[in-house]
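Chemist: One structure, pasted below without further comment.
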Amino acid sequence: MDAGRWAESLGLEENEFRELFDLFVQAGRTDLNQLDKAIAGGDSEAAAEAAHSLKGAAANLDFEEIRLPAQQIEKCARENRLDGMQEIFLRLCDAFESAIRTFECRPRPHGPSP
């Protein structure tokens, strides 16, 4: 699906979606970095916080492929179960990068002429 149709499905103009998407990418990269460090360091609280942040942002843009693994990591982290999270984390990273490839490679609409 292209950005225009995705935006329409969310009730947004394409330029609004792109602004939100750019913010999502910036914040998401930070969340993924924090999540990676938290999982590696066994910090369940930090992992839960980063996963929760990413889960919410993904839900706002209807990115289920990102929301679902983030939700799974958050749940496990809140239960202090980080063992085996690396596989889910890698799936989350793949979904995140896939979204970037999908929407950043499309031409952006031109604004109105002055």
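The values are calculated or read from the model by the stated rules, or taken from the named source; none is laboratory data. Bear in mind the structure is a predicted one, so any value in this text is a computation, not a measurement. Positions of Cβ are generated from backbone atoms using ideal geometry, with glycine treated the same way; all protein chains shown enter the neighbour counts. For accessibility, only protein heavy atoms count, side chains too; no ligands or nucleic acids. Shrake-Rupley method; radii C 1.70, N 1.55, O 1.52, S 1.80 Å.
Chemist: So is Ile66 closer than 17 Å to Thr102 by Cβ and part of a helix (DSSP H, G or I) or not?
Modeler: yes
Chemist: Taking region 69-85 on its own, how many of its residues are under 13 Å from the mean Cα position of the chain (by Cα) and modelled with pLDDT under 95?
Modeler: Residues that pass the stated criteria total 0.
Chemist: Failed condition for Ile88, given (1) open to solvent by less than 100 Å² (accessible area, probe 1.4 Å); (2) at pLDDT below 95; (3) not small (Gly, Ala, Ser), with all others met?
Modeler: Result: Ile88 passes all but (2).
Chemist: Give region 47-73 a look and list any residue that's free of Cβ contacts under 8 Å to residues at least 24 places away in the same chain, closer than 12 Å to Asp31 by Cβ and open to solvent by 10 Å² or more (accessible area, probe 1.4 Å), or say none.
Modeler: Result: Glu49, His52, Lys55, Gly56.
Chemist: Moving on to the next point. From (1) open to solvent by less than 30 Å² (accessible area, probe 1.4 Å); (2) in a helix (DSSP H, G or I), pick out the condition that doesn't hold for Leu82.
Modeler: It is condition (2) that Leu82 fails.
Chemist: Any residue at all in region 96-108 that's over 19 Å from the mean Cα position of the chain (by Cα) and modelled with pLDDT under 95? Before the answer, list the steps.
Modeler: Let us first name the residues in region 96-108 that are over 19 Å from the mean Cα position of the chain (by Cα), namely 107-108.
Next, from what is left, pick out any that are modelled with pLDDT under 95: 107-108.
Looking through region 96-108, at least one residue is over 19 Å from the mean Cα position of the chain (by Cα) and modelled with pLDDT under 95.
Chemist: Considering region 11-22 alone, what residues qualify as being in contact (Cβ under 8 Å) with a residue 12 or more places away in the chain and within 16 Å of the chain's Cα centre (by Cα)?
Modeler: Those that are in contact (Cβ under 8 Å) with a residue 12 or more places away in the chain and within 16 Å of the chain's Cα centre (by Cα): Phe17, Arg18, Leu20, Phe21.
Chemist: A further question on this structure: Out of Ser9, Ser44, which single residue is of a type in the set (S, T, N, Q) and open to solvent by less than 50 Å² (accessible area, probe 1.4 Å)?
Modeler: Ser44
Chemist: Give the number of residues within region 1-39 that are among the β-branched types (Val, Ile, Thr) and either at positive phi or modelled with pLDDT under 90 (or both).
Modeler: Qualifying residue count for the region: 0.
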